[in-house]
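So the structure is just underneath, and the comments pick up after that.
The values are calculated or read from the model by the stated rules, or taken from the named source; none is laboratory data. The model shown is predicted, which means the values in this text are computed figures rather than measured ones. Ideal geometry is used to build each Cβ from the backbone, glycine not excepted, and the neighbour counts take in all protein chains shown. We work out accessible area using only protein heavy atoms, side chains counted, and drop any ligands, DNA or RNA first. Shrake-Rupley method; radii C 1.70, N 1.55, O 1.52, S 1.80 Å.
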Amino acid sequence: MNIIIALIPAVCWGIFPLIASKTGGGPANQILGTGLGATLVGLIVFAIMHPTITASAFIWAFMAGACWTIGQIGQFISMKPERMGVTTTMPISAGFQLVGNSLIGMLFLGNWSGTTAKIIGLVALAIVVVGVVLTAVTDDNKSEAASVKDVLFLLVTTVGYWIYSSFPNLPAVRHVSPTALYLPEMLGILCGALIFVFATRETSALTAHESWAGMIGGAIWGIAAFAYIFSAQENGTSSAFIYTQLSVVISTLGGMLFLHERKTSRELGFTLAGLVLLVVGSVITGFI
C-alpha cells in the first residue's frame, strides 16, 4: 500500500502536463483550470478532515501557492509547441527545480551538513545539470528546439517553484500540519491564476470551455499534492521524493507518445540518457 501511495504523485504529476496540453487553450486557460481544479480538491479535503490553522500560517501558505503559479505559468508557456514542447520543457524544468531547491536547502536551511554530504550533493547536482543539457540537444531548428532565450525564461520563472518548495521550512509553518496548509495553498494558486488572467487581459478564459476542461488536470495535480503528504509520512521524505522523479519520465515519454512531439533518433538517444542522469542525480540527493 505504501508503494501505491508513493506512485500516485509520480503518475499524476507525470500525466498532468499531458492533460493540460490536450485540453487545449493558452497558458491563461491552463493555469485557471489548474487553480479551479486544485481548489476543488482542497475544499473537499478541508470538508472531510477539518484541519485547524492560524491566520499567520494561512497567509504564508496562501502566498506560497500564489508563488507556485509563477513557476507553473512559465512551464505552460514553455510547453507550447512553438516554444520547447512538453518533452523538452519537463526534464529541463525538473532539473532546474532540483538544483535550485537543493542549493537553497544547503545554503540557507542547513541541509547536507558536513563536507562529505556537500561534496556528494554537488556531484549529484552536476549529474543533473549534464542530464538537463542532454535533454535539450536538438538536431535542427524545428519548433520544439530549446533556444537560450526559452531556457532562460523557464529558469527565471522556476523561482516561483523554489519559493513554494522552501515554504514548509519557514519557522512560521514548520510545525503546522501539511493537511492544514493544503487548502490555503490551493486558494493561493487560484488567486495567482486570476491575477495572471487579468494582468494579461485574457478575461475570456473565465468563461472558456478550455479553462473548465482544465479543471481535470488541476484536480489531478491537487490529488498528487495531497497524496505526497501521506507518502512522505508513510515512506519518509527521501523515499517519497525519489518516487516522484518518475513523473518527469512519464511526462517526457508521454509527450512523444500521446502529443506526437517528434524527435530524431539522435535526439531520442540524448533525451533518454538525460532522463537517466536526472533520475540518478535525484536519487543520490534523496539519500544524502
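So the values come out like this:
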item: Size descriptor, Kirkwood hydrodynamic radius, that averages inverse alpha-carbon separations across segment 105-219, Å; result: 18.3 Å
item: Most to least packed among 39-47, 210-218 [average Cβ atoms within 10 Å]; result: 210-218, 39-47
item: Two-decimal log10 I(q)/I(0) for segment 248-288, as the Debye equation yields it once each C-alpha is a single scatterer, q = 0.20, 0.24, 0.34 Å⁻¹; result: -0.64, -0.80, -1.11
item: For segment 1-46: rounded, prolate or oblate by the Cα gyration tensor [a/c cutoff 1.5]; result: oblate
item: P(r), alpha carbons of segment 204-288 - 5 Å bins starting at zero, rounded %; result: 3, 12, 15, 17, 16, 15, 13, 8, 2, 0
item: Ratio of Rg to Rh over the chain (Cα coordinates, Kirkwood Rh, two decimals); result: 0.95
item: Sulfur and carbon atoms: percent of accessible area, segment 206-287 [1.4 Å]; result: 71 percent
item: Bins of 10 Å, starting at 0 and running to the largest distance - Cα pair percent for segment 1-119; result: 10, 30, 35, 22, 3
item: Sequence of 36, 183 from largest to smallest accessible area, 1.4 Å probe; result: 36, 183
item: Peptide ranges 195-203, 86-94 listed from the most packed, as the mean C-beta count within 10 angstrom indicates; result: 86-94, 195-203
item: Calculated SAXS-style log₁₀ I(q)/I(0) at q = 0.13, 0.18, 0.22 Å⁻¹ - segment 62-142, Debye, Cα scatterers; result: -0.53, -0.86, -1.04
item: With all protein chains modelled, accessible area of residue 150 [1.4 Å, Å²]; result: 20 Å²
item: Axial C-alpha extent at least 24 Å, average Kyte-Doolittle at least 1.6 - helices from the chain (DSSP); result: 2-22, 115-135, 178-199
item: Carbon and sulfur %, accessible surface of segment 58-115 computed with the full protein complex present, 1.4 Å; result: 70 percent
item: The chain - accessible surface per residue (Å², probe 1.4 Å); result: 45 Å²
item: In the chain, lysine pairs with alpha-carbon atoms under 26 angstrom apart (chain gap of 8 or more, or interchain); result: 9
item: Highest-first arrangement of 72-78, 258-264, where packing means the average Cβ count within 10 Å; result: 72-78, 258-264
item: Mean separation of Cα contacts under 8 Å, 6 or more apart, over the residue count of segment 1-107: relative contact order %; result: 25 percent
item: Contact order normalised by residue count of segment 158-288, Cα under 8 Å, 6+ apart, percent; result: 19 percent
